[in-house]
Amino acid sequence: MKKTFFAFLLLFAAALAVFAGDPSFIEEGKEAAKKADLAFLWASDVHYQPQDNHGSSRELIESIVEAANGMGVAFSAVTGDLVHGHYPRNIYLENLSDVRSFLDGALAPVLPVMGNHDDNRYFVYKRVEKGDGFLDMNETVPKEDFYRTILKGHEDEFVRDPKNPYGGWYYKDFTKAKVRVIMLNSIDMPYIPAGRFKYYGGYSEAQLQWLANKALKFSKKGWGVIVMCHIDYGSQTIGNWDMPQNSEIVEGILEAFAKKEAGTFYSQVEGMEAKVKYNFRNNRSCEFIGSFAGHKHKNLSEYVNGTPHVLISNVFREGTGGFDLVLIDRKKRTVVTKRCIGGAAEPSLDRAFVY
């Protein structure tokens with residue numbers, strides 16, 4: 001009996017160690033964060049769905065929040081697929097509210113974006129495939145409902161588009177580092193029935209106008225920009241086999257920003273038509289630091305027009321998942337990511353980029 005009880009205590013202690021995080025990683029991260037111009041924690045593809053224990057558990061999510069608090073990062077970012085979205089809309093919303101409550105333990109701001117699982121489309125598709133349903137829009141979750149839930153109580157922490165406060169595009173300035181973090185919504189498209197929905201993802205004209213004429217405007221020198229979204233817009237290699245509509249305009253706007261150019265972009269995509277004028281010739285800042293995304297559940301990277309585009313695996317994948325501590329050095333123009341899996345450092349997945 002005593003041996004059994006002792007064995008149970010050992011297993012319980014081991015489980016706590018996994019979820020509590022590695023003190024050495026947190027301490028080392030804390031010291032690294034102090035030396036960086038900007039340090040943040042980055043995770044993606046949480047896929048929380050406790051009904052069938054899919055994806056990340058509550059304990060795993062809370063352990064990431066604890067790590068962020070321990071390292072004293074400026075912010076944390078979650079680049080989409082916060083929930084798995086394979087249950088009816090009411091259950092989906094309960095799960096999303098749970099994730100929000102777990103993130104509320106963070107001491108620094110948490111910046112989330114919407115992923116392709118976050119509109120609950122896969123529950124709708126599953127019903128169609130079983131032959132007991134159709135493309136029922138009442139079971140999908142519009143971007144406005146997603147952002148009302150996931151930003152609840154934190155809306156005032158960010159600069160949002162006043163015309164589309166819950167559209168999913170917003171930014172936050174970190175004035176000490178002079179870095180603006182822009183969060184884009186790659187699931188910003190109309191739901192046009194076409195077997196499934198016609199578009200996998202997209203960027204509306206409203207979002208593109210905001211990016212070109214608000215988010216990337218600087219009247220002072222010395223600022224840099226980080227862009228985060230769920231599906232990378234710059235390259236099909238690291239983006240998606242079916243790229244979000246108007247991705248090329250997003251990349252074009254950012255390239256024009258970096259080169260201080262002016263012009264107009266057009267889109268004739270059905271339901272995604274756009275005409276976006278841009279003029280960065282008088283911008284006082286034009287430094288594009290990097291782009292961060294998830295979606296593919298892989299650790300990938302590619303330079304697009306000289307800027308690093310970086311992807312991270314899902315949080316819960318054994319061996320290659322976890323989260324990254326991201327360290328920005330403005331003087332050296334470097335981005336360094338340090339991986340933590342299961343509460344311990346995983347140096348084999350650390351990465352470094354020059355921008």
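Here are the numbers for the structure shown:
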| item | result |
| --- | --- |
| Of residues in the range 41-80 being within 27 Å of Glu31 (Cα to Cα) and among the charged types (D, E, K, R), the one surrounded by the fewest Cβ atoms within 10 Å (Cβ to Cβ) | Glu59 |
| Lone unmet requirement of (1) in contact with a Phe, Trp or Tyr (Cβ under 9 Å, 6 or more places away or on another chain); (2) surrounded by fewer than 22 Cβ atoms within 10 Å (Cβ to Cβ); (3) touching a residue at least 60 places away in the same chain (Cβ under 8 Å) for Ala32 | (1) |
| Members of the range 87-100 found to be over 17 Å from the mean Cα position of the chain (by Cα) and not in a loop (DSSP other than H, G, I, E, B), listed by number | Arg89, Asn90, Ile91, Tyr92, Leu93, Glu94, Asn95, Ser97, Asp98 |
| Residue selected from the range 265-290 under the condition aromatic (Phe, Trp, Tyr) and part of a strand (DSSP E or B), by the criterion farthest from Lys217 (Cα to Cα) | Tyr266 |
| Residue list for the range 327-355, restricted to those being in contact (Cβ under 8 Å) with a residue 60 or more places away in the chain, assigned to a strand (DSSP E or B) and under 17 Å from Glu27 (Cβ atoms) | Leu327, Lys338, Cys340, Ala344, Ala345 |
| Residue list for the range 266-294, restricted to those being of a type in the set (A, V, I, L, M, F, W, C) and either crowded, with 20+ Cβ neighbours inside 10 Å or farther than 30 Å from Val335 by Cα (or both) | Val269, Met272, Ala274, Val276, Phe280, Phe288, Ile289, Phe292, Ala293 |
| Residues of the range 126-167 classified as closer than 17 Å to Pro190 by Cβ and aliphatic (A, V, I, L, M), total | 3 |
| The lone exception for Asp324 - which of (1) on the phi < 0 side of the Ramachandran plot; (2) buried (at least 17 other Cβ atoms within 10 Å of the Cβ); (3) not in a strand (DSSP E or B) it fails | (3) |
| Output for the range 210-226, where each listed residue is closer than 17 Å to Gly252 by Cβ and not in a helix (DSSP H, G or I) | Leu216, Lys217, Val225 |
| Cβ pairs under 7 Å, 6+ apart, first in the range 114-139 and under 26 Å from His297 (Cβ atoms) and in contact (Cβ under 8 Å) with a residue 12 or more places away in the chain, second part of a helix (DSSP H, G or I) and among the hydroxyl-bearing types (Ser, Thr, Tyr) | Asn120/Tyr92 |
| Qualifying position, being at positive phi, surrounded by 16 or more Cβ atoms within 10 Å (Cβ to Cβ) and in contact with a strand residue (DSSP E or B) (Cβ under 8 Å, 6 or more places away or on another chain), among Gly239, Gly234, Gly168, Gly224 | Gly168 |
| Filter pass, Ser76 being under 30 Å from Thr334 (Cα atoms), among the small types (Gly, Ala, Ser), modelled with pLDDT of 95 or more and not in a helix (DSSP H, G or I) | yes |
| Search result, residues across the range 171-197 that are at pLDDT 95 or above and out of contact with any strand residue (DSSP E or B) (no Cβ under 9 Å at 6 or more places or on another chain) | Thr175 |
| Residue tally, condition crowded, with 18+ Cβ neighbours inside 10 Å, farther than 19 Å from Tyr147 by Cα and either of a type outside the set (Phe, Trp, Tyr) or in contact with a helix residue (DSSP H, G or I) (Cβ under 9 Å, 6 or more places away or on another chain) (or both), over the range 178-208 | 4 |
| Residue in the range 307-321 that is among the β-branched types (Val, Ile, Thr) and more than 21 Å from Phe75 (Cα to Cα) present | yes |
| Failed item in (1) more than 25 Å from Ala194 (Cα to Cα); (2) in a strand (DSSP E or B), with Glu255 passing the rest | (2) |
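Condition check ((1) without any contact (Cβ under 8 Å) to a residue 12 or more places away in the chain; (2) out of contact with any strand residue (DSSP E or B) (no Cβ under 8 Å at 6 or more places or on another chain); (3) of a type in the set (S, T, N, Q)) across all residues:
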| site | (1), (2), (3) |
| --- | --- |
| Gln51 | no, yes, yes |
| Ala68 | no, no, no |
| Val78 | no, no, no |
| Glu94 | yes, yes, no |
| Ser97 | no, yes, yes |
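To keep it simple, each residue is scored yes or no on (1) surrounded by fewer than 19 Cβ atoms within 10 Å (Cβ to Cβ); (2) modelled with pLDDT of 95 or more.
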residue: Leu82; (1), (2): no, yes
residue: Ser101; (1), (2): yes, yes
residue: Ala108; (1), (2): yes, yes
residue: Asp119; (1), (2): no, yes
residue: Lys130; (1), (2): yes, no
residue: Pro142; (1), (2): yes, yes
residue: Tyr147; (1), (2): no, yes
residue: Glu155; (1), (2): yes, yes
residue: Pro162; (1), (2): yes, yes
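The values are calculated or read from the model by the stated rules, or taken from the named source; none is laboratory data. Just so you know, these numbers come straight off a predicted model, no measurement behind them. Here the Cβ is made from the backbone with ideal geometry for all residues, glycine too, and neighbour counts use every protein chain on show.
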